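K.L.:
Structure incoming, see below.
The values are calculated or read from the model by the stated rules, or taken from the named source; none is laboratory data. The structure presented is a predicted model; accordingly, all values stated were derived computationally and were not measured. For neighbour counting, all protein chains shown are included, and Cβ atoms are generated from backbone atoms with ideal geometry for every residue, glycine included. Keep in mind that these areas ignore ligands, DNA and RNA; they rest on the heavy atoms of the full protein, side chains included. Shrake-Rupley method; radii C 1.70, N 1.55, O 1.52, S 1.80 Å.
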Amino acid sequence: MTLAYSPNAAALLTLAAAAVLTALVVPVVRRLGLRFGLIDKPDARKQHTQPMVRLGGVGIVIGFSLALTLTWVLGGFAQLEASKDALIWTTLGGSLCFFVIGLADDLFALPPLPRLLVQLLVSMAVWLEGVRIGSIDLPFGWMGSAPAALQLPDWLSLLATLVWLVGITNAINWLDGLDGLAAGVSGIAAVGLLSVSFSLHQPAAGLLAAALAGSCLGFLRHNFNPARIFMGDGGSYFLGFALAAISIVGPAKGLTSVSLLLPLLILSLPLADMSAVIMGRLSDGHSPFYPDRRHLHHRLLRTGLSHRRTVLLIYAFTQWLASLALVLVNAEMRFLWLALATAVLIWVLVSTRRELQRQDRPSARQRQRQR
């Protein structure tokens, strides 16, 4: 018997293998980065105070690829339809292309506009191969009529797909400003997509999400504050594009009015952050690529929150949004997961408020000086 007859076991194995393999590979990548001087130097906009290797994306990609290879060898993709097989390979190819774009930026500091142009070209190629937002099922039809499908014209399908793929990729990239933030949010989003994909009977997309979640977990072993390595643009581009593409070939493939909302809901926090930053920069007359400290994590740090507390707060909101997606898709034990996620969010909010109150309360020594 192969893993094809046990999708849940295949997903669990894929996640665990990706986590272990990534955790083992990343230290090797770090040593090589230090040996060859491939480091990210601190500056006024960055939180780290010492040079850091920023090639962790290499370890993420290797762990992700090896885990999927193991699952494939054990028969995890044996029952995949030919049409879905092409979509999976296209998703993997596009993710690797985006990784190369980010890695080139890590090594050679590419200008923003050429990077964006190449991202659009790769996304267009992926759209031509079938990874696209093509139609939306309307469950209630028009004016009370029978359910119908709204077919998007090619130009609108292309536009929607480009905005979705490039937008989410850069949203995850811009989120990568604190130790463990992008990896943690991506991992939570990947677990959400894994659950939603299996609930919608899309096991192949679920396996990709499982590998992605495991890679993020393994990388966090070395990236959570205080980080020993950064993922770099190569890692964040890979994670962002993979999340965006998986959400198309899984939850949003053959879109319904509900499934259309699922990836948007799971990834709404980084998308909202990116939108707010772009609007703020444009309102000040700057380019959308203008470097500043407008991001959500920068704002939270300015309130007095610690590095770890800021990251945990964003984690808590992301996992709560992912649990809402499970409710929308009618996943098993959805209300239990929502209750647990709500409890975690409340606990983090209460403890965060207490931390801020302790910081605002003057110490005994300060009060004596004031007297």
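K.L.:
Looking for whichever is modelled with pLDDT of 90 or more and in contact with a strand residue (DSSP E or B) (Cβ under 7 Å, 6 or more places away or on another chain) here; the options are F317, F230. Which one fits? Full working, then the answer.
P.N.:
Values: F317 fails: in contact with a strand residue (DSSP E or B) (Cβ under 7 Å, 6 or more places away or on another chain).
After applying the criteria, what remains is F230.
K.L.:
Quick check, is R361 open to solvent by 90 Å² or more (accessible area, probe 1.4 Å) and modelled with pLDDT under 90?
P.N.:
Working: open to solvent by 90 Å² or more (accessible area, probe 1.4 Å): yes; modelled with pLDDT under 90: yes.
So R361 passes the test.
K.L.:
Moving to a separate point now. Sort out which residues of the stretch 320-349 are over 23 Å from the mean Cα position of the chain (by Cα) and modelled with pLDDT under 95, and write them in order of number.
P.N.:
Across the stretch 320-349, the qualifying residues are E332, M333, F335, L336.
K.L.:
For a quick check of your reading of the model, give me the residue pairs whose first member lies in the stretch 217-229 and is in contact (Cβ under 8 Å) with a residue 60 or more places away in the chain, whose second is open to solvent by 60 Å² or more (accessible area, probe 1.4 Å) and of a type outside the set (D, E), with beta-carbon atoms closer than 7 Å and at least 6 apart or on different chains.
P.N.:
G218/V20; H222/R228; N225/R308; R228/R30; I229/R30
K.L.:
Go through the stretch 188-204 and count every residue that is without any contact (Cβ under 8 Å) to a residue 60 or more places away in the chain and open to solvent by less than 10 Å² (accessible area, probe 1.4 Å).
P.N.:
Counting residues in the stretch 188-204 that are without any contact (Cβ under 8 Å) to a residue 60 or more places away in the chain and open to solvent by less than 10 Å² (accessible area, probe 1.4 Å) gives 2.
K.L.:
Oh, and also: Do we find a residue being at pLDDT below 95, part of a helix (DSSP H, G or I) and hydroxyl-bearing (S, T, Y) anywhere in the stretch 196-210?
P.N.:
Yes.
K.L.:
From the set of residues in the stretch 284-336 that are open to solvent by 60 Å² or more (accessible area, probe 1.4 Å) and of a type in the set (A, V, I, L, M), which is nearest to A272 (Cα to Cα)?
P.N.:
So the residue we want is L312.
K.L.:
State which residue pairs qualify: first residue within 17 Å of L212 (Cβ to Cβ) and inside the stretch 1-13, second residue at pLDDT 85 or above and in a helix (DSSP H, G or I) in any location, beta carbons under 7 Å apart, and separation of 6 or more residues or different chains.
P.N.:
Correct list of pairs: A10/T71; A10/L207; A11/L194; A11/G206; A11/L207; A11/A210; L13/T71.
K.L.:
What is the number of the single condition among (1) in contact (Cβ under 8 Å) with a residue 40 or more places away in the chain; (2) open to solvent by 40 Å² or more (accessible area, probe 1.4 Å); (3) out of contact with any helix residue (DSSP H, G or I) (no Cβ under 7 Å at 6 or more places or on another chain) that L340 does not meet?
P.N.:
(1)
K.L.:
Quick one: in the stretch 113-153, of everything that is touching a strand residue (DSSP E or B) at 6+ places or on another chain (Cβ under 8 Å) and of a type in the set (S, T, N, Q), which residue is modelled with the highest pLDDT? If you could, list the steps in order and put the result at the bottom.
P.N.:
The first filter runs over the stretch 113-153 and keeps only residues touching a strand residue (DSSP E or B) at 6+ places or on another chain (Cβ under 8 Å), leaving 133-139, 141-142, 147-152.
Those still in the list that are of a type in the set (S, T, N, Q) too: 135, 151.
On the way: S135: 71, Q151: 78.
Among them, the one singled out is Q151.
K.L.:
Given the residues L255, L261, which is the only one that is over 23 Å from F99 (Cβ atoms), of a type outside the set (K, R), at pLDDT below 90 and open to solvent by 10 Å² or more (accessible area, probe 1.4 Å)? I'd like the intermediate steps shown before the answer.
P.N.:
Working: L255 fails: open to solvent by 10 Å² or more (accessible area, probe 1.4 Å).
Of the residues listed, the single one that is over 23 Å from F99 (Cβ atoms), of a type outside the set (K, R), at pLDDT below 90 and open to solvent by 10 Å² or more (accessible area, probe 1.4 Å) is L261.
K.L.:
Restricting attention to the stretch 57-84, and to residues there that are open to solvent by 40 Å² or more (accessible area, probe 1.4 Å) and hydroxyl-bearing (S, T, Y), which single residue is modelled with the highest pLDDT?
P.N.:
By that ranking, first place goes to S65.
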